[in-house]
């Protein structure tokens, strides 16, 4: 806020109504996806079949799709099927003295959650929405409302980079000459349901940036000299510096020390 000419402490000028996406419900998930089978194109699969050892370099979430449906007999709640699409970069080693071959595999995983998304009984039309292509077969019933925005809430998912916890190269059960790649993935995500709602907010003033745009013309060495020295990187962390499991680990360490004495 310091870079803009906005001072929340002073009285606001007026109250205005804005259209915003309100989050009605959300949940966090920490999933360990064990032995997810990845598929490959024919050329990469041939390299996998001839591999003696493989190593997963990284895994990315390339896309996420949603299926939202009302929960029967529980008004305002919705079942959200979240499908994650993964892409793994794998090093394939065929022999000891040969550099590895890089292949890419794909996989998908679906998770269902129940969230509150409130009720919406009106259609929402926006002037700059792109109309869907016309269908050859006439549409009747509830599906005829395709020109407006659905009354269902909008589902979103935020994910961090997946963790590769384990990689297995196993023989296929159906074909002895084919090998399968099974990867155990650690996934952190936040899933939410939201709807567009009109919200009244106070307005203080238009925000005018106080910082001027500048082009950095420093040489690489000059930029490097302006960086702060990473002192903390040269000193290992103690047990109390880690945010997760510190107390449990410390208690376990104390109990072990008492038992040894």
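Could you please let me know if residue 54 is modelled with pLDDT of 95 or more, more than 19 Å from the chain's Cα centre (by Cα), surrounded by 15 or more Cβ atoms within 10 Å (Cβ to Cβ) and farther than 30 Å from residue 126 by Cβ?
Spelling it out, residue 54 is indeed modelled with pLDDT of 95 or more, more than 19 Å from the chain's Cα centre (by Cα), surrounded by 15 or more Cβ atoms within 10 Å (Cβ to Cβ) and farther than 30 Å from residue 126 by Cβ.
I need a count of the residues in the stretch 46-97 that are farther than 27 Å from residue 31 by Cβ, in a helix (DSSP H, G or I) and touching a strand residue (DSSP E or B) at 6+ places or on another chain (Cβ under 9 Å).
So the answer is 2.
Just give me the residues in the stretch 9-22 being in a strand (DSSP E or B) and either exposed (fewer than 10 other Cβ atoms within 10 Å of the Cβ) or at pLDDT 95 or above (or both), in sequence order.
Those that are in a strand (DSSP E or B) and either exposed (fewer than 10 other Cβ atoms within 10 Å of the Cβ) or at pLDDT 95 or above (or both): 14, 15, 17.
Please specify each residue of the stretch 109-134 satisfying the condition of being part of a strand (DSSP E or B) and at pLDDT 80 or above.
Answer for the stretch 109-134, where residues must be part of a strand (DSSP E or B) and at pLDDT 80 or above: 109, 110, 111, 112, 113, 114, 115, 116.
Take the conditions in contact with a helix residue (DSSP H, G or I) (Cβ under 6 Å, 6 or more places away or on another chain) and modelled with pLDDT of 85 or more and apply them to residue 103. Does it pass?
Yes, satisfied.
Is it fair to say residue 154 is closer than 17 Å to residue 90 by Cβ, surrounded by 11 or more Cβ atoms within 10 Å (Cβ to Cβ), at pLDDT 90 or above and out of contact with any helix residue (DSSP H, G or I) (no Cβ under 6 Å at 6 or more places or on another chain)?
Against the criterion (closer than 17 Å to residue 90 by Cβ, surrounded by 11 or more Cβ atoms within 10 Å (Cβ to Cβ), at pLDDT 90 or above and out of contact with any helix residue (DSSP H, G or I) (no Cβ under 6 Å at 6 or more places or on another chain)), residue 154 does not qualify.
Does at least one position in the stretch 217-228 carry a residue that is closer than 30 Å to residue 48 by Cα and in contact with a helix residue (DSSP H, G or I) (Cβ under 9 Å, 6 or more places away or on another chain)?
Within the stretch 217-228, none of the residues are closer than 30 Å to residue 48 by Cα and in contact with a helix residue (DSSP H, G or I) (Cβ under 9 Å, 6 or more places away or on another chain).
The values are calculated or read from the model by the stated rules, or taken from the named source; none is laboratory data. Predicted, not measured: the structure shown is a model, and the values here were computed from it. For neighbour counting, all protein chains shown are included, and Cβ atoms are generated from backbone atoms with ideal geometry for every residue, glycine included.
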